[in-house]
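Some notes on the structure that comes next.
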């Protein structure tokens with residue numbers, strides 16, 4: 001039921017197309033962490049056109065990678081992806097690893113991303129568990145309104161039990177379908193049960209769709225946070241052709257204490273370099289003087 005529904009209704013996402021390489025899947029998974037699909041798709045296409053292989057990205061300066069990351073947010077992901085590309089180019093013959101332990105050893109690659117590359121890049125049997133998958137399983141299998149706090153081992157075991165027997169490619173497609181179901185129909189706030197391919201067998205529907213009574217998810221504000229300030233400071237550096245004077249960063253945010261704290265955190269994260277007492281640049285981007 002689920003795979004035929006996916007075949008008929010899946011969104012046409014660029015990284016799902018048949019010609020997408022495992023490298024393209026890996027790039028998409030880095031970008032999609034905490035970032036909506038609509039914002040990722042155009043940037044992903046630009047990146048794959050510019051850096052079609054890990055070695056192409058590894059050869060690029062970190063400053064170029066950070067500029068290309070643009071407004072995707074959480075820019076440390078860009079540096080981790082650059083580091084992963086370097087490791088793939090130098091230690092794996094420019095080919096994304098196809099074994100779980102080798103994927104997990106790459107910079108910035110965790111359990112979810114590694115399994116996503118196996119399933120969606122190599123069409124291997126791999127349970128891929130994200131928030132959407134956890135919600136679908138909580139409802140369809142356990143009859144709960146939502147999944148609640150993550151239970152890493154139990155969540156993975158739940159997903160693995162659902163994978164169909166037969167060719168690995170079929171199990172991989174089931175993983176994609178399960179994720180799609182949670183993203184477009186079995187959503188957190190307005191589930192569309194009438195169009196759901198597993199509606200007749202859903203334990204949650206059978207129980208009368210009980211409300212979720214577990215811990216509430218924390219809401220994240222953005223305005224005025226350190227995350228916003230860090231973004232403003234990086235915008236200044238990304239928008240300049242080279243190093244900038246301290247005065248340009250000072251003009252980006254009026255609260256001096258918060259601005260200084262955020263600048264220090266960017267330096268600690270390796271997203272910004274201080275060239276001397278008065279000028280700053282993106283990593284690896286040194287010049288003789290700051291642009292005013």
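Taking the chain as a Gaussian network, Cα atoms linked when under 10 Å apart, which of 130, 269, 19 shows the biggest mean-square fluctuation?
Among 130, 269, 19, the largest mean-square fluctuation in the Gaussian network model of the chain belongs to 19.
Cα axis of helix 226-238 to longest principal axis of the chain: angle in degrees, 0 to 90, nearest 10?
60 degrees
Counting pairs of alpha carbon atoms under 8 Å apart in space and at least six apart in sequence, what relative contact order in percent does the chain give?
Working: 380 pairs, mean separation 47.8, N = 292.
RCO, the chain: 16 percent.
Given R₀ = 35 Å, FRET efficiency for residue 45-residue 100 by Cβ-Cβ distance, to 0.05?
The value I calculate is 0.80.
How far, in degrees from 0 to 90, does helix 131-140 lean away from the longest principal axis of the Cα atoms of the chain, to the nearest 10?
20 degrees
Which order do peptides 51-58, 257-264 fall in by mean Cβ count within 10 Å, highest first? Before the final figure, lay out each step's value.
On the way: 51-58: 19.5, 257-264: 16.0.
Averaged packing, sorted descending, gives the order 51-58, 257-264.
Relative to the longest principal Cα axis of the chain, at what angle does helix 168-184 sit, 0 to 90 degrees, rounded to 10?
Helix 168-184 sits roughly 80 degrees off the main axis of the chain.
Whole angstrom only: what separates the Cα centroid of the range 1-69 from the Cα centroid of the range 196-221?
30 Å
Please rank 3, 88, fewest neighbouring Cβ atoms within 10 Å first, as an exposure proxy.
Taking fewest neighbouring Cβ atoms as first place, the list is 3, 88.
So between residue 10 and residue 256, what do we pick up on full extension, going 0.36 nm a residue minus the alpha carbon distance?
83.7 nm
Students often get this wrong, so try it: which of [x] 55; [y] 58; [z] 40 is percent of Cα pairs over 25 Å apart as calculated from the structure shown?
Among [x] 55; [y] 58; [z] 40, the one calculated here is [x].
Could you please state, rounded to a whole Å, how far the C-alpha centre of the range 127-165 is from the C-alpha centre of the range 237-277?
42 Å
How much length would be gained if the chain were fully extended between residue 161 and residue 74, taking 0.36 nm per residue of separation minus their Cα-Cα distance, in nm to one decimal?
Result for the pair: 28.0 nm of gain on full extension.
Compute the normalised compactness of the range 2-122: alpha-carbon radius of gyration over 2.2 N^0.38 Å, N being the residue count.
Details: Rg = 13.9 Å, N = 121, 2.2 N^0.38 = 13.6 Å.
Compared with the compact-globule rule of thumb, the range 2-122 sits at 1.02.
Bear in mind that the values in this text are calculations on the coordinates, not laboratory data. Here the structure is a predicted model, which is why all the values come from computation and not from measurement. Cβ sites come from the backbone with ideal geometry, for glycine too, and all protein chains shown count toward neighbours.
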